[in-house]
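The values are calculated or read from the model by the stated rules, or taken from the named source; none is laboratory data. Computed from a predicted model, the values in this text were never measured in an experiment. Cβ sites come from the backbone with ideal geometry, for glycine too, and all protein chains shown count toward neighbours. In case anyone asks, the SASA skips ligands and DNA or RNA and just uses the protein heavy atoms, side chains included. Shrake-Rupley method; radii C 1.70, N 1.55, O 1.52, S 1.80 Å.
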Amino acid sequence: MALKATIFKVELTIADMDRNYYADHGFTIARHPSETDERMMVRILAFALYADPALTFGKGLCVDDEPDLWQRDLTGAIERWIDVGQPDEKWIRKACGRARETVVVSYGRAADIWWNGVRDKLARQSNLTVWNLPPEVAPALAALTARSMRLQCTLQDGQVWITDGRQTVLVEPERRMGA
């Protein structure tokens, strides 16, 4: 019998002082059986970093040609394509060709090794932004995981604070590429 996705309900309040974006978002997120809490919470962080009413989660790990998050305009054109983890450089180049802006949020102990392997191959991608999270961030975010989450996220001066009311995680993403 195949394992089913685990469903999480998220209420996310965002106060982004850098972009003057203040909103409440409620959504249901499915965690694929092969996905970790860390990866799922980094997807939620990526949503907070680029929050917009038109930003939506992709179908997840079970679909090969969709990003983790994306934003489309009213014509259906892809404005922003966001992936988390360490995607293959060919996949990133393909995403850069399909979207006006492509974002990768890398995390984990292998992120530096991954970046050293793809940096030169991606140097010509003018619409690519790559962020790296310090190694301790993803496990700290995973500690906030619950089936029903009420999270507050504050962004200011390149720092992100995420709290569930009991624990707070400070995230200082490092920009490795992009404007």
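In region 134-179, what residues are among the aliphatic types (A, V, I, L, M) and part of a strand (DSSP E or B)? If the condition is that a residue be among the aliphatic types (A, V, I, L, M) and part of a strand (DSSP E or B), then 149, 151, 155, 160, 162, 169, 170, 171, 177 are the ones that fit.
Can you name every residue in region 1-57 that is among the charged types (D, E, K, R), open to solvent by less than 10 Å² (accessible area, probe 1.4 Å) and within 21 Å of residue 136 (Cβ to Cβ)? Within region 1-57, 43 is the sole residue that qualifies. Is there a residue being surrounded by fewer than 17 Cβ atoms within 10 Å (Cβ to Cβ) and in a strand (DSSP E or B) anywhere in region 117-130? Among the residues of region 117-130, not one is surrounded by fewer than 17 Cβ atoms within 10 Å (Cβ to Cβ) and in a strand (DSSP E or B), which makes the answer no. When restricted to residues that are in contact (Cβ under 8 Å) with a residue 12 or more places away in the chain and under 21 Å from residue 32 (Cβ atoms), region 62-87 contains 12. For the residues 172, 79, 101, the requirement of being modelled with pLDDT of 95 or more, buried (at least 18 other Cβ atoms within 10 Å of the Cβ) and not hydrophobic (A, V, I, L, M, F, W, C) singles out 101. Being within 20 Å of residue 49 (Cβ to Cβ), open to solvent by 30 Å² or more (accessible area, probe 1.4 Å) and more than 17 Å from the chain's Cα centre (by Cα) is a property that does not hold for residue 152. Restricting region 104-116 to residues that are part of a loop (DSSP other than H, G, I, E, B) and more than 19 Å from residue 50 (Cα to Cα) leaves a set whose member that is least open to solvent (accessible area, probe 1.4 Å) is 108.
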